[in-house]
Amino acid sequence: MKVKALKYKQRSRARFDRMAGDYGAHLAGKHAASLYGRVVKAIEEFNPSAILDVGCGNGNLLALLNDGVRSLAGADLSPEMIKQARAKLGDRVDLKIADSEALPWESGAFDALSCTDSFHHYPNPQKVLEEMRRVLKPAGHLVIADPWAPQPFRWIVNFFFKFGKSGDVKLYSMEEWRPLIEASGFKVVRLERHKSSMLLVAQS
């Protein structure tokens, strides 16, 4: 399983390194952009002072959250994406090349965490969720937005993910999200579907 997980991560890193310079022109970038509004709105409900964006890509979501007051941080597996994010956001945002299974921040460092269009790339989702919960303060909030697809299309997509080179691992059904999240100690606050995507808000 470790070898297979490493292959998924290597594929994801290579894919996003390639598209980093013109991410917004790619289908992946356009889909992520379509989710930002709902993610920002969900985060703003809690008025957090310290926010971490996991799978931050080129920093577009962090740019929307950057009010010059609160503390912002971002993690991404792709060095090229982090390079783009640094060019956009400067030194005020703490950006790190990092695996989502081993986030390089202290426990309880954030009161909100976002993950947009990235979770379906994680070969070890439980480890990622445990790390997310670790870096969140007690009663901190997690906001995840990810693609969604109905059956049988979701089954077909997940089957072909196994043979693809993009680093995609799995699209989850709405029924799978709650037990996955709660197994890591989170409490689901809200779970919604919006056309071809889903939005989940949970509390640590």
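Charge dipole (Cα centre; +1 on Lys/Arg Cβ, -1 on Asp/Glu Cβ; no other charges) of the chain amounts to roughly 640 debye. Put simply, when 128-134, 181-187, 86-92 are sorted by average Cβ atoms within 10 angstrom per residue, most first, you get 128-134, 181-187, 86-92. Spin-label model, Lys4 to Val40: label points 7 Å out along the Cα-to-beta-carbon direction sit 3.9 nm apart.
Using a 10 angstrom cutoff on alpha carbons, build the Gaussian network for the chain and name the most mobile of Ala14, Ala28, Ala112. The residue with the greatest mean-square fluctuation here is Ala28.
Provide the FRET efficiency to the nearest 0.05 for the Gln203-Leu64 pair, computing r from the beta carbons and using R0 = 22 Å.
Calculated transfer efficiency: 0.50.
The simple spin-label model puts a point 7 Å past each Cα toward its Cβ; for Phe153 and Asp17 those points are separated by 3.3 nm.
Within a straight-line Cα-Cα reach of under 26 Å, Lys7 can be paired with the following lysines, leaving aside sequence neighbours fewer than 8 residues apart in one chain: Lys30, Lys83, Lys96, Lys127, Lys162, Lys165, Lys170. Projecting the Cα atoms of Leu199, Trp155, Leu61 onto the dipole axis of region 2-203, where Lys and Arg carry +1 and Asp and Glu carry -1 at the beta carbon, places Trp155 farthest toward the positive end. Determine the distance separating the Cα centre of region 128-204 from the Cα centre of region 72-127; give it in Å without decimals. Here the two parts' Cα centres lie 17 Å apart. Among the aspartates and glutamates, which have Cα under 18 Å from the Cα of Lys4 when same-chain residues fewer than 8 positions away are ignored? Excluding near neighbours in sequence, the set is Asp99, Glu101, Asp168.
No value in this document is a laboratory result; all are computed from the given coordinates. All values reported here derive from a predicted model rather than from experimental measurement. Note: ideal-geometry Cβ built from the backbone for every residue, glycine included; neighbour counts use all protein chains shown.
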